[in-house]
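K.L.:
Here it is, the structure in full.
The values are calculated or read from the model by the stated rules, or taken from the named source; none is laboratory data. A quick note: this is a predicted structure, and the numbers were derived from the prediction, not measured. Counting neighbours? That spans all protein chains shown, and the Cβs are built from the backbone with ideal geometry, glycine included.
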Amino acid sequence: MELPRPAKTSRFVTIRRRLIFICGEFVLGIVLLVVLPAALVLALIVDVALRRWGLGTVRFVLMALAFLWIEIACHLWAFVSWVRFGFGTRIWTAAGQKSSNAIVRFWIVAMMRALGILGARFVYVGDKSSGDGPVITAARHQSFADVYMPTRFLLDSGRDIRVVLASQLRNEPALDVVGHRTPQFFVKRDGADMRREVEGISRMTQAAADNTGFCIFPEGGLARPKRRTRIIERLDKDRPDLAIRARALDHLLAPRVAGLSAMLDGVPTAPVIITGHVGFEQLTAPKAAWRAVPLKHKIEIRTWYHERSTIPDGSAERELWLFDQWEMMDRWIDERMRARNDNQSSTLKETTESTK
């Protein structure tokens, strides 16, 4: 069975991008492996000089090595698969897709485990999908690292995954290669013609197998102050009622419903799992992550399972429903962060008193 392919991009642009980034990863991976002993000694000196007894700099070096070699392993596996399936001519057959999906699974699981080098500890709370059939996950997006998390849930249930990804993630080499060998969808989140993007999501959804897990990030990008301001300004013009609700969100961006609605229309029986988390804010930027490593706080993941019968059918009603879910998630995030800060203050107080 032939599967639908992602929208084509310029062949020249694609080849140039992959040559630069893939070759760069091979070079960096080999160089870092060769100089690893010296790099670790230097990192240790930095940690000791800064009194970072958790060895954050050492961990960062090891994480960089793990990331590069996971990527390199994916590239080598993808190349062997490409040759095996007729130099790419049969990569879109069922057997070719099985091989490509196996690479996706390896990449996600390996990256999640590699986060443990930085001290990441995961706590899962809430509902999970049960049984077979399609399921849709709508997740918070706080950092690049949280891309792995909701898809890992879907993989654990034995499903193949289809994810709506920002077009900028084509610059992530392994994701670029394998994402274009499976029916993932790279969306231009600020594109001029969003109808075309929504139609692409709809086609991806309708063509998927029955036991597929879909993932979308309704915020459309990372939660950053400038992006939040732009979204609220747009809502002020088009939907002042939603602008008021967007301003009241302390931790989240206002969600967009169009992509999720296209998924719901494409798989009319699929339930929805709303996925939130706290803890990934420690990994929002390289400099902040370096300071936070080893991560002091656990990464808490909370899911809310919604049967399809509880989700409205109309687009306008779905938009209000999605805002309701985001407001609920925002309150949960606030509660967990307050509890975390209270525990930290209590621990600090006990430590101070014990030293008197």
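K.L.:
Identify the residue in the stretch 222-238 that is surrounded by 15 or more Cβ atoms within 10 Å (Cβ to Cβ) and assigned to a loop (DSSP other than H, G, I, E, B) and, among all such residues, is modelled with the highest pLDDT.
P.N.:
Within the stretch 222-238, the first condition is being surrounded by 15 or more Cβ atoms within 10 Å (Cβ to Cβ), and the residues that meet it are 222-223, 227-228, 231-232, 235.
After this cut, where a residue has to be assigned to a loop (DSSP other than H, G, I, E, B) as well, the list is 222-223.
Working: Leu222: 84, Ala223: 81.
My answer is Leu222.
K.L.:
Within the stretch 201-221, how many residues turn out to be out of contact with any helix residue (DSSP H, G or I) (no Cβ under 6 Å at 6 or more places or on another chain), under 30 Å from Trp92 (Cβ atoms) and buried (at least 18 other Cβ atoms within 10 Å of the Cβ)?
P.N.:
Summing the residues that are out of contact with any helix residue (DSSP H, G or I) (no Cβ under 6 Å at 6 or more places or on another chain), under 30 Å from Trp92 (Cβ atoms) and buried (at least 18 other Cβ atoms within 10 Å of the Cβ) in the stretch 201-221 gives 5.
K.L.:
Pairs, please: C-beta under 6 Å, at least 6 apart or cross-chain, first residue buried (at least 22 other Cβ atoms within 10 Å of the Cβ) and in the stretch 171-182, second part of a loop (DSSP other than H, G, I, E, B) and aliphatic (A, V, I, L, M)?
P.N.:
Every condition considered, the pairs that remain are Arg181/Ile91.
K.L.:
Here is a follow-up. Output the residues belonging to the stretch 88-120 that are under 30 Å from Lys296 (Cβ atoms) and either polar (S, T, N, Q) or in contact with a strand residue (DSSP E or B) (Cβ under 7 Å, 6 or more places away or on another chain) (or both). I'd like the intermediate steps shown before the answer.
P.N.:
Restricting attention to the stretch 88-120, the residues satisfying the condition of being under 30 Å from Lys296 (Cβ atoms) are 106-120.
The one that is under 30 Å from Lys296 (Cβ atoms) and either polar (S, T, N, Q) or in contact with a strand residue (DSSP E or B) (Cβ under 7 Å, 6 or more places away or on another chain) (or both): Ala120.
K.L.:
Look through Arg59, Arg90, Arg51 and report the one residue that is under 26 Å from the mean Cα position of the chain (by Cα) and not hydroxyl-bearing (Ser, Thr, Tyr). Write out each step before concluding.
P.N.:
Numbers: Arg90 fails: under 26 Å from the mean Cα position of the chain (by Cα); Arg51 fails: under 26 Å from the mean Cα position of the chain (by Cα).
After ruling out the rest, the residue left standing is Arg59.
K.L.:
Against the definition (farther than 25 Å from Thr310 by Cα, β-branched (Val, Ile, Thr), surrounded by 19 or more Cβ atoms within 10 Å (Cβ to Cβ) and under 19 Å from the mean Cα position of the chain (by Cα)), how does Val123 come out, yes or no? Full working, then the answer.
P.N.:
Working: farther than 25 Å from Thr310 by Cα: yes; β-branched (Val, Ile, Thr): yes; surrounded by 19 or more Cβ atoms within 10 Å (Cβ to Cβ): no; under 19 Å from the mean Cα position of the chain (by Cα): yes.
Spelling it out, it is not the case that Val123 is farther than 25 Å from Thr310 by Cα, β-branched (Val, Ile, Thr), surrounded by 19 or more Cβ atoms within 10 Å (Cβ to Cβ) and under 19 Å from the mean Cα position of the chain (by Cα).
K.L.:
To continue, here is another question. If you check every pair at least six apart or on different chains, which have Cβ atoms under 8 Å apart with a residue in the stretch 268-294 that is within 15 Å of Ile311 (Cβ to Cβ) first and a residue that is of a type in the set (Gly, Ala, Ser) and surrounded by fewer than 21 Cβ atoms within 10 Å (Cβ to Cβ) second?
P.N.:
Pairs found: Thr269/Gly133; Ala270/Gly133.
K.L.:
Still on this structure, please answer the following. Filter the stretch 268-297 down to the residues that are closer than 19 Å to Asp330 by Cβ and of a type in the set (Gly, Ala, Ser) and list them by number. Give the steps one after another, and end with the answer.
P.N.:
Quick first cut of the stretch 268-297, residues closer than 19 Å to Asp330 by Cβ only: 272-282, 284, 297.
Passing the criteria: Gly276, Gly279.
K.L.:
For the stretch 136-154, does any single residue satisfy the condition of being in a strand (DSSP E or B) and either of a type in the set (Asp, Glu) or farther than 23 Å from Pro271 by Cβ (or both)?
P.N.:
No.
K.L.:
Pairs needed: first member in the stretch 303-318, touching a residue at least 12 places away in the same chain (Cβ under 8 Å); second member anywhere, surrounded by fewer than 16 Cβ atoms within 10 Å (Cβ to Cβ) and among the β-branched types (Val, Ile, Thr); C-beta distance under 7 Å; at least 6 residues apart or different chains.
P.N.:
So the pair list comes out as Arg308/Thr269.
K.L.:
Restricting to the stretch 250-260, and then to whatever is surrounded by fewer than 22 Cβ atoms within 10 Å (Cβ to Cβ) and touching a helix residue (DSSP H, G or I) at 6+ places or on another chain (Cβ under 7 Å), can you tell me which residue is farthest from Val164 (Cα to Cα)? Even if it seems obvious, please write down each step before you answer.
P.N.:
To start, the set of residues in the stretch 250-260 that are surrounded by fewer than 22 Cβ atoms within 10 Å (Cβ to Cβ) comprises 250-252, 256-258.
Still in the list and also touching a helix residue (DSSP H, G or I) at 6+ places or on another chain (Cβ under 7 Å): 250-252, 257-258.
Working: Asp250: 25, His251: 22, Leu252: 19, Val257: 13, Ala258: 12 Å.
That would be Asp250.
K.L.:
Looking only at the stretch 264-300, count how many residues are hydrophobic (A, V, I, L, M, F, W, C), assigned to a loop (DSSP other than H, G, I, E, B) and in contact with a strand residue (DSSP E or B) (Cβ under 6 Å, 6 or more places away or on another chain). Working first, answer last.
P.N.:
Initially, the stretch 264-300 is screened for residues hydrophobic (A, V, I, L, M, F, W, C), giving 264, 267, 270, 272-274, 278, 280, 283, 285, 288-290, 292-293, 295, 299.
So of that shortlist, the ones also assigned to a loop (DSSP other than H, G, I, E, B) come out as 267, 270, 285, 293, 295.
If we keep only those that are in contact with a strand residue (DSSP E or B) (Cβ under 6 Å, 6 or more places away or on another chain) as well, we get 270.
Result for the stretch 264-300: 1.
K.L.:
Just to be sure, is Arg59 charged (D, E, K, R) and out of contact with any Gly (no Cβ under 9 Å at 6 or more places or on another chain)? Spell out how you get there, then give the answer.
P.N.:
Working: charged (D, E, K, R): yes; out of contact with any Gly (no Cβ under 9 Å at 6 or more places or on another chain): no.
For Arg59, the condition - charged (D, E, K, R) and out of contact with any Gly (no Cβ under 9 Å at 6 or more places or on another chain) - is not met.
K.L.:
Take the residues of the stretch 127-165 that are at pLDDT below 85 and over 21 Å from Val178 (Cβ atoms): which is surrounded by the most Cβ atoms within 10 Å (Cβ to Cβ)?
P.N.:
Out of the qualifying residues, it is Ser129.
K.L.:
Right, next: For Arg11, only one of the following conditions fails: (1) modelled with pLDDT of 95 or more; (2) basic (Lys, Arg); (3) farther than 30 Å from Ser157 by Cα; (4) loosely packed, with under 15 Cβ neighbours inside 10 Å. What is its number?
P.N.:
The failed condition is (1).
K.L.:
Is it the case, given these coordinates, that Thr182 is touching a helix residue (DSSP H, G or I) at 6+ places or on another chain (Cβ under 8 Å) and outside any loop (DSSP other than H, G, I, E, B)? Before the answer, list the steps.
P.N.:
Values: touching a helix residue (DSSP H, G or I) at 6+ places or on another chain (Cβ under 8 Å): yes; outside any loop (DSSP other than H, G, I, E, B): no.
In short, no.
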